[in-house]
Structures are given as C-alpha cells and as structure tokens.
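Encoded as structure tokens, the structure appears first; notes follow it.
The values are calculated or read from the model by the stated rules, or taken from the named source; none is laboratory data. Every value quoted in this text rests on a predicted model; they were computed, and no experiment measured them. A quick note on method: Cβ atoms are made from the backbone with ideal geometry, for glycine too, and the neighbour counts reach across all protein chains shown. Each accessible area value is taken on the protein alone, full model and side chains, heavy atoms only, with ligands, DNA and RNA left out. Shrake-Rupley method; radii C 1.70, N 1.55, O 1.52, S 1.80 Å.
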Amino acid sequence: MNERGRFITFEGIDGAGKSTHIGFVGDFLAARGKTTVSSREPGGTALGEKLRDLLLHEKMHLDTEALLMFASRREHMAQVIEPALASGAWVLSDRFSDASFAYQSGGRGMDRARIEALENWVHPHLQPDLTLLFDVPLEVARERLDATRDLDKFEREQEEFFARCRAEYLRRAAQFPHRFAVIDSTQSIAATRQKISEALESLL
Ligand code: TYD
C-alpha cells in the first residue's frame, strides 16, 4: 500500500498573493517525485464550485455563509482530499478551515466556538500537515487587489474587515506553530520561494 500523502494548505487575506505560489509548490514536489492534487475552497468539486458561486456573489446570513463553506468542505473532503491522501498524493488546497476562522469568525465576528463545532463535525481527525500563511500589510493587499480584477463579495470589504481576518490568521499561526509557516509576502517572488522551499523541506 502507498504511504499516505501530505496535506498542504495556502492561506492569507485577499491580495496576499497565495495563488501565485501554488504552481511553484506543485512543481517543487513533482521534482521530488511526489504526485500532487491541487484544489481550492470554497470549491474543488462540481457541487462545491456551485456553492462557491453563491458564496462569492450572494448576500446571505452569516450562519448560512459558514454552513455553506463547510458544506463545500465536506464534499471536498469526501470526493478529493481523503481519496487523494489515501492514494499517496500530496493535496495542495487554496484555503481550508483556517479561512473560516479568519473570515467568518475574525472578519465577520462569528463566535469561534461555532467554527470549531463545524470543524469537529466535518474533519475531526484531519488537520493540514503544513499551512503556508502568506502575510502582507493591508495596504499592500489592497493595492494588489485593485490592480487585478473585478472584486467579489469578500474582496469589496473594508480595510477593518481584513485587519480582523489577518489578526485571526496570525493568532492561529501562533496557536498552531507546528503546522503554520508564516511567509512574509512583501518580499520578492524569489525570496518568497526560498522560504516556501524551506518549509516544504521540513515535510520531505
Ligand atoms: P480566494 O481564495 O481569494 O480566491 P480568488 O483568489 O480566486 O479570489 O476567494 C475565496 C474567498 O472566500 C476569499 O475572499 C475568502 C473566502 N472564504 C471564506 O470567507 N471562508 C472560507 O472558509 C473560505 C474557504 C473562503
């Protein structure tokens, strides 16, 4: 039987630049003989992508938003994450439950215990082996967002919202230092890649 794969998640506030680096991590691991599966949340499955469309564009109650995030995650776990890890593949997920803590709890103010309850329901025995948290000051994130494209529901939020999301991400990184690598994402792409490589080496 194959050795179980590893689970790597990519997190950060909108505009932190995490998406730029997922391809690099895939190439880095492939060069070391690993099979990788790249995915994202909300989304990652046909149903999850429909939920993503609703989540990113419709107004809804905060409870509904949190529940749909975890509904998408449940499907993602069942259809993608668990089978891939069991087959020995390394799963690279653009966001996972830390984003629910950062956005629904930190950003929107939901009681953290509710997110914990959903987390215990949906993935009681699974946490990422490594979470790359791309961290940038708010001004930098905002500049990057404004430069890129049409903004979705979350991206149109005000600076204070992102300040709370960022603070919650950093609080979680401090709470779970064994799995978090905080990457200063204001550095050059080459310097950022160097830091990512060091974090990956520790898993190999
Ligand atoms: P994002 O990952 O930034 O994708 P893109 O780079 O294509 O814009 O978009 C997903 C949005 O969903 C992001 O603003 C954060 C939000 N989100 C939550 O609020 N809670 C969650 O649990 C997850 C997974 C995402």
Query raised in the report: Tally time: how many residues in the stretch 58-70 are more than 19 Å from LEU151 (Cα to Cα) and more than 10 Å from the ligand (Cβ to nearest atom)?
Result: 5
Query raised in the report: Restricting the search to the stretch 140-153, which residues are within 11 Å of the ligand (Cβ to nearest atom) and out of contact with any Leu (no Cβ under 7 Å at 6 or more places or on another chain)?
Result: ALA141, ARG144, THR148, ARG149, ASP150
Query raised in the report: Which of the residues that make up the stretch 62-93 are open to solvent by less than 40 Å² (accessible area, probe 1.4 Å) and not in a helix (DSSP H, G or I)?
Result: GLY88, ALA89, TRP90, VAL91, LEU92, SER93
Requested in this report: State the number of residues belonging to the stretch 70-81 that are touching a residue at least 40 places away in the same chain (Cβ under 8 Å) and not aromatic (Phe, Trp, Tyr).
Outcome: 5
Requested in this report: Would you mind stating whether PRO128 is within 13 Å of the ligand (Cβ to nearest atom) and not in a helix (DSSP H, G or I)?
Outcome: yes
Report task. Search the stretch 26-40 for residues being at negative phi and in a loop (DSSP other than H, G, I, E, B), and hand back the single one that is most open to solvent (accessible area, probe 1.4 Å). Result -> ARG32
Query raised in the report: Just checking, which of LEU118, LEU55 is more than 9 Å from the ligand (Cβ to nearest atom) and either assigned to a strand (DSSP E or B) or touching a residue at least 24 places away in the same chain (Cβ under 8 Å) (or both)?
Result: LEU118
Query raised in the report: Within the stretch 94-102, is even one residue outside any helix (DSSP H, G or I), over 22 Å from ARG156 (Cβ atoms) and near the ligand (Cβ under 8 Å from one of its atoms)?
Result: yes
Query raised in the report: Which one is surrounded by the fewest Cβ atoms within 10 Å (Cβ to Cβ), of the residues in the stretch 1-20 that are modelled with pLDDT of 95 or more and more than 10 Å from the ligand (Cβ to nearest atom)?
Result: ARG4
Requested in this report: Give the residues of the stretch 139-164 that are open to solvent by 30 Å² or more (accessible area, probe 1.4 Å), part of a helix (DSSP H, G or I) and closer than 27 Å to SER188 by Cβ, sorted by residue number.
Outcome: GLU139, VAL140, ARG142, GLU143, ARG144, ASP146, ALA147, THR148, GLU159, ALA163
Query raised in the report: Which of (1) closer than 22 Å to VAL91 by Cβ; (2) surrounded by 17 or more Cβ atoms within 10 Å (Cβ to Cβ) does MET110 not meet, given it meets every other one?
Result: (1)
